[in-house]
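Asks: Let me begin by handing over the structure; questions about it come next.
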Amino acid sequence: ITTPEVTTPETTTPPEEITPSPATMTLTHVTISAGDSPAEQTALSELTKYLEARSITVAEGGFPIDLYIDITLEEEAYCVEAELEGKHAGMDIRGGSGRGVLYGIYGFLEKYAGLRAFTPTLEVYPEEGDIIIEEGTMLEFHPVFEMRVNDWYRWCAGSNTYSWCVKNGVNMLDGWWEPWDKDTGALGGAWDYGGLFVHTIGGLTETGGGTSPNPCLTNPIYLERAIKNVRARLESRPSTTIISVSQNDTDARCWCANCLAVDKEEGSPAGTLLRFVNAIAENIAEDYPNVVVDTLAYDYTQTAPKITVPRENVCIRLCTFHCHFTHPLTDPNCETNAKFCRDLEEWSKICDNIHIWDYTTNFAYYIPTYANLHVLQANMQYFAEHNARGMFPQGNRNGPSGEFGELRAYLLSKLMMDPYMGEEAYYALMDEFLQAYYGDGWAYIRMYIDKTSEMYSDGCGNMYMHPFNRLPAESFIEMQQTFNDWWAKAEAMADADRVENVRRSSLQWRWFLARLDQSLQEAFVKEVAERGVWWSEGNQHNTRW
């Protein structure tokens, strides 16, 4: 007789829990209805266009799809739900605003139909394949940041750019302060600075322009002028939702006894600035309850004050101006970044309305490789975890990128919608973009990205660094043949539609070659000019080596 093995409860393996597969349906014939607002009607038109492109009949008598605003949702949130059988069968795509509805239909098309809007002129949408929907809640989402600014395409205005923004969750373009048209959901998600975006305090106090020395902020005459001019702008521009009262773009500031006394009391010049800004915010609060007053924590005002706290209608825009960007902001070995992190954490204790002005390009050297793609996801998540509600990752806004500007624009837009996506999802987005934008040789470009990220990651690099100050020329000479081969293979494998993308992006490597070999410089400068690529911020013809 064999005695059966006795298993104690502690060692018993519970039966595997099987989650039943949801009921599904393949869309073949649908009827779409939508609310009357311009954004809802745009959503109807767009969804119809994309479904018909997949040979799905859009006509009466089909499976019902309803698009509508649901004010119980957050303004830019959306929810996609389906009931496949019974008298209530149908699919709802609802958003907290018209823009939320648009996000909902694009979110649905992205997940269930493969839509990708990589650039304003490059969109991928599979021509074949079933669109299969599921019973229950299919998507439920709200953007992590309320303001999501992208300026990489400021130079290419037009309807394609606005369409790209909506498809990727961007709700403001730096410098384009005209309200977005209602078809793109301007009343739900777009921001209007009323023409006063940044470095405004000189103009508001009538003491100079945006780069002039900052005025005395304890002088009541200047406060009176600023209040007058802010009110005049709000009256002339009723669509304004946020207005900047921010220091000029210089570290020149008032050193009078009164200002110095406040600086000392507050432990930071930010306290002197914030008292001035709070006074303006208090003055307009009753008449303009929906307007936020935006100011900077920038350069010498980066550190939070000890006493004064921002009013509830004040936004603090903290700038990563002094930071290093070739490793994550949270790198414990970088004291410069550690100070920024301490300042952000102090601001987050006193302010629930923090926006971040981040820097995602080399503003002195637009063309050569700026190896920061490996830190964007971690940095964005860190901002989200510390009370940031708005993001402006500033980039090269002056012209077509000779580096990886288009890739950065796409990845940053996705990260502003969901900074918590994780590293695996982030690199999956990168690979999708590279394959669509560069063609069959995309993997060689990914190898270049990975290698240059590795080369730069062990040290500090700011947003004005000369590439050879960060890494010696010998580092690039060592990799010269390998990099030449990778770019050559990527170009050889690209089809006619993508070879220009490869060639233009390879300028970033050929900058190094021309820097190392002066005989290549004349032809290189000519090619850069022919492609409309900028050398550095503010000067298209400044050939910087």
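Asks: Sequence gap at least 6, Cα distance under 8 Å: using those rules, report the relative contact order of the chain to the nearest whole percent.
Replies: Working: 1032 pairs, mean separation 62.0, N = 545.
Computed over the chain, the figure is 11 percent.
Asks: Another question, if that's okay. Rounded if a/c is under 1.5, else prolate if a/b is larger than b/c, else oblate: which is segment 383-490, with a ≥ b ≥ c the root eigenvalues of its Cα gyration tensor?
Replies: Values: a/c = 1.87, a/b = 1.32, b/c = 1.41.
Oblate is the answer for segment 383-490, as a/c is 1.5 or above yet b/c matches or exceeds a/b.
Asks: Please list, by residue number, every one of the trypsin sites (Lys or Arg not before Pro) in segment 468-545 that is coil in DSSP and has at most 16 other beta-carbon atoms within 10 Å.
Replies: Working: sites: Arg470, Lys489, Arg498, Arg503, Arg504, Arg510, Arg515, Lys526, Arg531, Arg544; in loops: Arg498, Arg531, Arg544.
Within segment 468-545, the qualifying trypsin sites (Lys or Arg not before Pro) (loop, at most 16 other Cβ atoms within 10 Å) are Arg531, Arg544.
Asks: Still on this structure, I have one more. If I stretch the segment between Thr26 and Val525 completely, what's the gain in nm (0.36 nm per residue apart, minus their alpha carbon distance), one decimal?
Replies: Numbers: separation 499, 0.36 × 499 = 179.64 nm, distance 5.42 nm.
Length gained between Thr26 and Val525: 174.2 nm.
Asks: Also: State, as an integer percentage, the relative contact order of segment 86-163 based on alpha-carbon contacts under 8 Å between residues 6 or more apart.
Replies: On the way: 40 pairs, mean separation 14.3, N = 78.
Across segment 86-163, relative contact order equals 18 percent.
Asks: May I pose another question? Determine the gain in length on full extension of the stretch Cys256-Val309; use 0.36 nm per residue of separation and subtract their C-alpha separation, reporting nm with one decimal. Kindly include the intermediate steps, with their values, before the conclusion.
Replies: Details: separation 53, 0.36 × 53 = 19.08 nm, distance 2.29 nm.
Using 0.36 nm per residue and subtracting the Cα-Cα distance, I get 16.8 nm.
Asks: Spelling out what I want: for every residue of segment 363-368, take phi, set θ = phi - 60°, compute 6.51 cos²θ - 1.76 cosθ + 1.60 (Karplus), and round to whole Hz; glycine and proline get x.
Replies: 6, 9, 9, 5, 7, x
Asks: May I pose another question? Using a Förster distance of 25 angstrom, determine the FRET efficiency expected from the C-beta separation of Ala492 and Lys451, and round it to 0.05.
Replies: Values: r = 19 Å, r/R0 = 0.78.
After rounding to 0.05, the efficiency reads 0.80.
Asks: Further question: Post the alpha-carbon centroid distance, segment 204-280 to segment 306-374, in whole angstrom.
Replies: 22 Å
Asks: Taking amide hydrogens as modeled 1.01 Å from N in the peptide plane, which residues meet the under 5 Å criterion relative to Val292, leaving out close sequence neighbours?
Replies: Ile242, Ile243
Asks: Restricting to DSSP loop positions (anything but H, G, I, E, B) with no more than 15 other Cβ atoms inside 10 Å of their own Cβ, which trypsin sites (Lys or Arg not before Pro) remain in segment 32-105? All intermediate terms of the calculation are to be shown ahead of the outcome.
Replies: Numbers: sites: Lys49, Arg54, Lys87, Arg94, Arg99; in loops: Arg54, Lys87.
Loop-located and lightly packed - Lys87.
Asks: Give the shape of segment 379-420 as rounded, prolate or oblate, defined through the alpha-carbon gyration tensor: a ≥ b ≥ c are the square roots of its eigenvalues, a/c under 1.5 means rounded, and otherwise the shape is prolate if a/b is larger than b/c and oblate if not.
Replies: Verdict is prolate for segment 379-420.
Asks: Would you kindly derive the ³J(HN,Hα) couplings of segment 229-246 from the backbone phi angles with the Karplus curve 6.51 cos²θ - 1.76 cosθ + 1.60 (θ = phi - 60°), listing them in order in whole Hz, with x for Gly and Pro?
Replies: Rounded to whole hertz, the list is 6, 5, 4, 4, 5, 5, 5, 7, 10, x, 6, 4, 10, 8, 9, 8, 10, 9.
Asks: Out of all DSSP beta bridges in the chain, what portion is antiparallel? Express it as a percent rounded to 5. Before the final figure, lay out each step's value.
Replies: Numbers: 18 of 51 bridges.
If I count the DSSP bridges inside the chain, around 35 percent turn out antiparallel.
Asks: Please turn the phi angles of segment 130-137 into ³J(HN,Hα) values with the Karplus equation 6.51 cos²θ - 1.76 cosθ + 1.60 (θ = phi - 60°), one per residue in order, whole Hz, x for glycine and proline.
Replies: In residue order, the calculated couplings are 6, 9, 10, 9, 10, 5, x, 7 Hz.
Asks: What GluC sites (Glu not before Pro) does segment 115-157 have in DSSP loop regions with at most 12 other beta carbons within 10 Å? List each step's numbers first, then the result.
Replies: Numbers: sites: Glu123, Glu127, Glu128, Glu134, Glu135, Glu140, Glu146; in loops: Glu127, Glu128, Glu135, Glu146.
Of the GluC sites (Glu not before Pro), the ones in loops of segment 115-157 whose Cβ has at most 12 other Cβ atoms within 10 Å are Glu127, Glu128.
Asks: Place a +1 charge on the Cβ of each Lys and Arg in the chain and a -1 charge on the Cβ of each Asp and Glu, then give the dipole magnitude about the Cα centre in debye, rounded to the nearest 20.
Replies: On the way: 41 positive and 78 negative charges, 459 e Å.
The dipole of the chain has a size of about 2200 debye.
Asks: [x] 1.09; [y] 0.98; [z] 1.18: which one is Cα Rg over 2.2 N^0.38 Å as calculated from this entry?
Replies: Among [x] 1.09; [y] 0.98; [z] 1.18, the one derived from this structure is [x].
Asks: Which of rounded, prolate, oblate describes segment 40-161, given a ≥ b ≥ c as roots of the alpha-carbon gyration tensor eigenvalues and a/c under 1.5 marking rounded, otherwise prolate only if a/b is larger than b/c? Show your work: numbers first, answer last.
Replies: Numbers: a/c = 2.06, a/b = 1.31, b/c = 1.57.
Taking the square roots of the gyration eigenvalues as a ≥ b ≥ c, segment 40-161 is oblate.
Values quoted throughout were computed directly from the atomic coordinates according to the rules given, and no laboratory measurement underlies them. Please read all numbers here as calculations on a predicted model, not as lab measurements. Cβ coordinates were reconstructed from backbone atoms using ideal geometry, including for glycine residues, and neighbour counts include every protein chain displayed.
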